[in-house]
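Structure record follows, encoded as structure tokens.
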Amino acid sequence: MIDYESSMKKLGIIVNPIAGAGRGKLLLKRLLTELKRSDYEPFVKETSKAGDGCKTASRGNEFDALVCIGGDGTINEVINGLSDIKFSVPLGIIPVGSGNVIAKELKITSNVKEFVCLLNSGKTMMLDIGKINFGSDKEKPRLFISMAGVGFDAEVADQHHKRRKGADFHPHTTSYVPIALKTAMYYKLPKLTLKIDGKLITEKAAFIQVANSRSYGGPLVFAQKAKTDDGLLDIVWFKAQSGREIIRYYLDAFWGDVTKNMNSSYHHGRKIRISSPDKVPVQVDGDFCGYLPINIEVIHKTIPVFAEHN
């Protein structure tokens, strides 16, 4: 635990105003009201397009702390921006997205008064970060705090993101369901090769989850043994013949134990390589981010996040 001094004055606030169907702006208003009764001077930056959160967070050393008001995608951007300043400031989270995966893992709510009390206490946890390197040296590594998925769920995440651009589409955890069901009907499962810490695990995986946290989104749990600060990533891979079989794995995740399925395997590791002869999408923290091949490694206890110890 790190206790930051109560003399902190500058608080950078990164808010996604459209997150939670506009609830992000409401929570920002509440936060600014609560901060009037504290010693913090707020500096607000609203995101308007992809990359804004990353850009603002990369200037985070101008502040004593940062807070992100948004969903998992915005939090991921902020984390990737903070890597530019070597995570030199602690991060606060006020969740307002559709999944709120890391917030659920850390038992962080959207209660603004609770957040300000936590901020004043200075209590943080040092969390692990997953780092993805793509096949090309020209591509910047992508960090994740919750999980990465290869194959089916990355395709669903990409389709969900495209649907979000529609004015009549309101993202929620349940909004993934019809997209996943439709995708399962046409998606051609890839042939994935998985190596963990230099050891070949399989050349016949169809779907892989690499997790830093238990929560996957909503009530789903793929990696039930995962911890955010143990220096390990949890890897779950599945065999399947069709996209429809993947739906069964999601049902197992809903009930909280995918390992009971005879076509699943569970591993731990620090360095993971996933490749395929097919063009296979990858998602991090719920957003599409590129294609295989990838190398993943865990960076142990890297980022300080305002949270009570679980």
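The values are calculated or read from the model by the stated rules, or taken from the named source; none is laboratory data. Predicted, not measured: the structure shown is a model, and the values here were computed from it. As a convention, Cβ positions derive from the backbone with ideal geometry for all residues, glycine included, and neighbour counts pool all protein chains shown. Ligands, DNA and RNA are excluded from the accessible area calculation, which covers all protein heavy atoms including side chains. Shrake-Rupley method; radii C 1.70, N 1.55, O 1.52, S 1.80 Å.
Taking a 1.4 Å probe, which of 15, 177 shows the most accessible area, and what order do the others take after it?
177, 15
What are the extents of the Cα atoms of the range 201-247 along their three principal axes, listed from largest to smallest and rounded to whole Å?
35, 28, 10
Show me the trypsin sites (Lys or Arg not before Pro) within the range 231-310 that DSSP assigns to loop and that have at most 13 other Cβ atoms within 10 Å of their Cβ.
279
With r defined as the distance between the Cβ atoms of residue 181 and residue 41 and R0 fixed at 41 Å, what FRET efficiency is calculated, to the nearest 0.05?
0.25
If you add up the charges near residue 229, with Lys and Arg at +1 and Asp and Glu at -1, over every other residue whose beta carbon is less than 12 angstrom from its beta carbon, what do you get?
-1
Relative to 2.2 N^0.38 Å, what does the C-alpha radius of gyration of the range 16-59 come to as a ratio? Two decimals please.
Here the answer is 1.27, to two decimals.
Ignoring ligands, DNA and RNA, what percent of the accessible area of the chain is carbon or sulfur (1.4 Å)?
Here it works out to 51 percent.
Could you list, in their original order, any pairs among 86/140; 131/227; 9/131; 86/107 whose Cα atoms are separated by more than 20 Å?
Too far apart for the 20 Å limit: 9/131; 86/107.
Would you mind pulling out the separation of the Cα centroids of the range 251-269 and the range 280-310, in Å?
One Cα centre to the other: 20 Å.
Given an 8 Å cut-off on Cα distances and at least 6 residues of separation, report the relative contact order of the chain as a percent.
Once normalised by length, the contact order is 21 percent.
Counting each DSSP H run of 4 or more residues in the chain as -39500 (n - 2.57), what helix-only mean residue ellipticity at 222 nm follows after dividing by all residues, to the nearest 500 deg cm²/dmol?
-8000 deg cm²/dmol
How big is the equivalent ellipsoid of the range 78-167 along its three axes, where each semi-axis is √(5λ) from the Cα gyration tensor, reported in whole Å from largest to smallest?
Equivalent ellipsoid semi-axes, largest first: 27, 20, 12 Å.
What are the semi-axes of the equivalent ellipsoid of the range 1-151, taken as the square roots of 5 times the eigenvalues of the Cα gyration tensor, listed largest first and rounded to whole Å?
That gives 24, 17, 15 Å for the three semi-axes.
At a Förster distance of 22 Å, what's the computed FRET efficiency of residue 29 paired with residue 117, Cβ-Cβ distance as r, to 0.05?
With a Förster radius of 22 Å, E is 0.75.
Express the accessible area of the range 1-84 per residue in Å², computed with a 1.4 Å probe while the remaining protein chains stay in the model.
49
What number do you get for the chain when its Cα radius of gyration is normalised by 2.2 N^0.38 Å, N = residues?
Compared with the compact-globule rule of thumb, the chain sits at 0.98.
If packing is taken as the mean number of other Cβ atoms within 10 Å per residue, what is the order of 78-90, 27-39, 105-117, 142-154, highest first?
So the order, starting with the most tightly packed, is 142-154, 78-90, 105-117, 27-39.
In a shell of Cβ-Cβ distance under 10 Å around residue 285, excluding residue 285 itself, what net charge do Lys and Arg (+1) and Asp and Glu (-1) give?
Its environment carries a net charge of -2.
What is the sum of charges, Lys and Arg at +1 and Asp and Glu at -1, for the other residues whose Cβ falls under 12 Å from the Cβ of residue 131?
Result for the local shell: +2.
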